[in-house]
Every structure is written in structure tokens, then in C-alpha cells.
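The values are calculated or read from the model by the stated rules, or taken from the named source; none is laboratory data. These figures come from a predicted structure and were not determined experimentally. Using ideal geometry, Cβ is built from the backbone for each residue, glycine included, and neighbour counts are taken over all protein chains shown. Heavy atoms of the whole protein, side chains included, go into the accessibility calculation; ligands, DNA and RNA do not. Shrake-Rupley method; radii C 1.70, N 1.55, O 1.52, S 1.80 Å.
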Amino acid sequence: MSTSTIPSPRAATRVERFETVVIGGGQAGLAAGHYLAARGIDHVILSDEARIGDNWRRRWDSLRLYTPARYSGLPGMPFPAPPAHLADKDEVADYLERYAARFDLPVRTGMRARSMTWDGTRYRIAVDGGSSMLEADMVIVATGAFQRPRMPRVAARLSPTIFQIHSSEYRNPFELPDGPVLVVGAGTSGAQIALELAGRRKVWLAGRDTGYMPRRIRGRDLFDWMWPVMQRSTTYTWMGRRMRANTRRGGDALIGLTQRDLRQAGITRVGRVEEERGGLPLCGDVVLEPRVVVWCTGFEPAYDWIDLPIFDGCGRLRNERGVATDLPGLYFLGLRFQHRLSSSLIGGVGADAAFVVEQVARRCDALVEA
């Protein structure tokens, strides 16, 4: 299969300049590249992966999207599967790779942004695995909202005899030590992993009930009803603001999987893990003795490589729909609820990418006129 991947330069002999640098070669970065290419804007996309889609290939073996294929395509290329199909992780990875190849996007793999500064005129990006420095008039940070595994502090206080792993490192039940497992986090990932493990060993699932939505309503897939609502409920609407507030509580509602299903699989539901006693996890007032703990406690963005004042006093990015508030020419893409509930989903990032690239194009025109 042909690929659009551009080999990284072997030696750092010069500073490379572009109109726009996109940092992140996942779904958000590729969507941005699609619109930048359509407008003829000079750009390059930096990916820290060895191969496009590798961040999906590393997820657990049985992972599937919960959005059907009809709602899982990037702009200009529908997901190549029957509309109701729930794609697995490798299908998603291969789709992203084919997408970059189809539109001949200038992706440089194996290049991690090490730092980014602004000299008052251009952004300067130091990278690992390639040329030492890139300069750009505009930068789109498209690394997304799920970069760094989030681990609670209590994890460091558990006994060293307990094998601990984050969901980002989990692959399948056979790679874990024998013995009972405590899965922490009762959202979609935690429930799916607990269900997969339950057929082979004792499993506890810790965390609050995140709610339930049926897979089908009146003979149609849930997302046939939900997707139009998700698209209309922007941050400018009352419904959108309420939905965004709910997402900040953590944990998405389980789709097609009830608490009864979990109990029937032999999974024991317990409270949140916030403390330990004698090196063992404490759930409410119950001490558990697991051999393994799987932390399904989510992810957080990682922007510590950006040497710029991008956060407000509460640690939130200062931006309006992905446009940095105080730094001209800096943009963000793939944020959770950037403008819609679907903003961080494969099928929803395209609308935000179109908006951000429109702002990039306007700034390009302004710089030319100046």
C-alpha cells in the first residue's frame, strides 16, 4: 500500500520554515492537513509515531469504537465499512494511514515536538528524531485531549506485590499475572476490560455508576438519534454548555451494557478507590486483596513542552473554539468538547478542523497584505 509518510531528515543542518506546522499526526492533525492542503497552505504534520495510526494499534486487542462507521469518518473520506459496523482498533489505525496516503498529506513520522517558543514573529519548534528546529507563522497543536495516562496518587502507595497497569498498556487477559483483578474506573473502558477479564478470574469494578444508554432505540442505533443532537449542541447553546459540564465529571455513560450485565458476568461492583490500608486498596470501608490493578482512570492533555503562557489561573487552555486567546497564530484541535460533544471523536473533529483552518487562512491573508 502506498503511503504519504515522508522520511525524517537525517541531519539537522538548517532551520526549516513553513507557513503552518501541525503538531500531532492523529485524527485531528490529519483533518487539519486535509483542509490546509485544500487551501494550498504550505504546511507539515509532525507525528511522534513510527507509523501513522500506531497510537491506535497499541490499544487493547478487543477495543472497538462505540460510534458506528457512518459517524466515524474524517472529512472527504467515509470510513470504509458498512454503516452500522463498529470498527476495531486496527481498522481505525489502517483507516488513518490510508487517509494520509489518499490525500498525500505531508506527515513526518518519528518527530516529537520537544519545545515550542515564540520570538514575537514566528514560532520555533525544537523536535526529536529529525531536523533540530522548525519555524512557522502558525502552529496547530493537534495532539488531542488524551495524551498522558492519568494515575491517582493512591497508586504509588499500593503494595509492590500488586501488579499495576494503566488501560493504555493493557492488551489482553493473558498478559496479566494470575489472580483476582481490581479494575478502577467504571466508564466505557473500565467496564469493557472488566467484562473481558471476568470469564477467567475474580474481578472487582470500582467507581461510580456513570449511567447507561441503550445500543438501539426504536429499531435504530443510538447514534442515529444522538449524532444530530451532538452536532447542534455547541458551546454557544444551553444544551451544549450543560453537556460539557457533565463531561467534566468524568466517565461516559455505558452504551448497551447495563449494571445487571456486569453482575451476571460475575463482576463485583465496589466504591471508589481513594485510599489504601496496609498497601491494599480501600473501597469505601472494604479492603480488597487483588493481585492486579488495571487503572481505567482516563487521560489528560500534555502541553508541558509549550514554553508559552497558554493557561489561565485554573490551568485551562486560554482559547476560543481552538484559537489561542493571547498568542497570534496559535491554534488547538481535538480538545474534548472544543465546540461540540463530538469534537474529540473521529467523526466530529472535521468540523472543528474546518473552522481552525479558516482562521489560519485569514491570518495567512493578513500576513501577505502586511
- Message: What's the total number of residues in segment 211-253 that are part of a helix (DSSP H, G or I), at pLDDT below 80, out of contact with any helix residue (DSSP H, G or I) (no Cβ under 9 Å at 6 or more places or on another chain) and not hydroxyl-bearing (Ser, Thr, Tyr)?
- Response: 6
- Message: Here are the criteria: (1) over 19 Å from Gly26 (Cα atoms); (2) open to solvent by less than 40 Å² (accessible area, probe 1.4 Å). Tell me which single one Leu335 does not satisfy.
- Response: (1)
- Could you tell me whether any residue of segment 93-102 is among the hydrophobic types (A, V, I, L, M, F, W, C) and under 16 Å from the mean Cα position of the chain (by Cα)? yes
- Task: Look at Arg171 and say whether it is over 28 Å from Val286 (Cβ atoms), open to solvent by 20 Å² or more (accessible area, probe 1.4 Å) and part of a loop (DSSP other than H, G, I, E, B).
- Result: yes
- Kindly indicate whether Ala100 is buried (at least 17 other Cβ atoms within 10 Å of the Cβ) and either aliphatic (A, V, I, L, M) or in contact (Cβ under 8 Å) with a residue 12 or more places away in the chain (or both). yes
- Query: With respect to Arg340, is the statement that it is within 17 Å of Arg244 (Cα to Cα) and either surrounded by 22 or more Cβ atoms within 10 Å (Cβ to Cβ) or free of Cβ contacts under 8 Å to residues at least 12 places away in the same chain (or both) true?
  - Reply: yes
- Tabulated pairs, segment 263-280, first under 15 Å from Arg201 (Cα atoms), second of a type in the set (Gly, Ala, Ser), C-beta under 7 angstrom, 6+ apart or interchain: Ala265/Ala198; Gly266/Ala198; Ile267/Ala194; Ile267/Ala198
- Flag for Thr161 being of a type in the set (S, T, N, Q) and closer than 30 Å to Pro328 by Cβ: no
- Query: Of all the residues that make up segment 287-300, how many are closer than 16 Å to Ala186 by Cβ and of a type in the set (A, V, I, L, M)?
  - Reply: 3
- Item | Selection count where residues are part of a loop (DSSP other than H, G, I, E, B) and either closer than 14 Å to Met116 by Cβ or of a type in the set (Ser, Thr, Tyr) (or both), scope segment 300-324 | 8
- Filter segment 256-267 for residues that are of a type in the set (S, T, N, Q) and out of contact with any Lys or Arg (no Cβ under 8 Å at 6 or more places or on another chain); the one that is surrounded by the fewest Cβ atoms within 10 Å (Cβ to Cβ) is Gln264
- Task: Could you look through segment 8-35, keep only residues that are of a type in the set (Ser, Thr, Tyr) and either open to solvent by 20 Å² or more (accessible area, probe 1.4 Å) or over 17 Å from Arg112 (Cα atoms) (or both), and pick out the one that is modelled with the highest pLDDT?
- Result: Tyr35
- Query: Hey, does segment 134-144 have a residue that's at positive phi and surrounded by 20 or more Cβ atoms within 10 Å (Cβ to Cβ)?
  - Reply: yes
- Message: Looking only at segment 108-156, how many residues end up being part of a helix (DSSP H, G or I) and of a type in the set (A, V, I, L, M, F, W, C)?
- Response: 3
- Residue among Tyr95, Tyr123, Tyr71 that is in contact with a strand residue (DSSP E or B) (Cβ under 7 Å, 6 or more places away or on another chain), among the hydroxyl-bearing types (Ser, Thr, Tyr) and either surrounded by 22 or more Cβ atoms within 10 Å (Cβ to Cβ) or closer than 21 Å to Ala32 by Cβ (or both): Tyr123
- Item | Of all residues making up segment 279-295, the number that are at pLDDT below 95 and either crowded, with 18+ Cβ neighbours inside 10 Å or assigned to a loop (DSSP other than H, G, I, E, B) (or both) | 3
- Where residues in segment 50-62 are surrounded by 22 or more Cβ atoms within 10 Å (Cβ to Cβ) and modelled with pLDDT of 95 or more, which of them is farthest from Met230 (Cα to Cα)? Ile52
- Message: Within segment 214-231, does at least one residue satisfy the condition of being crowded, with 17+ Cβ neighbours inside 10 Å and within 17 Å of Cys283 (Cα to Cα)?
- Response: no
- Task: Check whether at least one residue in segment 83-94 is in a loop (DSSP other than H, G, I, E, B), closer than 16 Å to Val349 by Cα and modelled with pLDDT of 95 or more, and report yes or no.
- Result: no
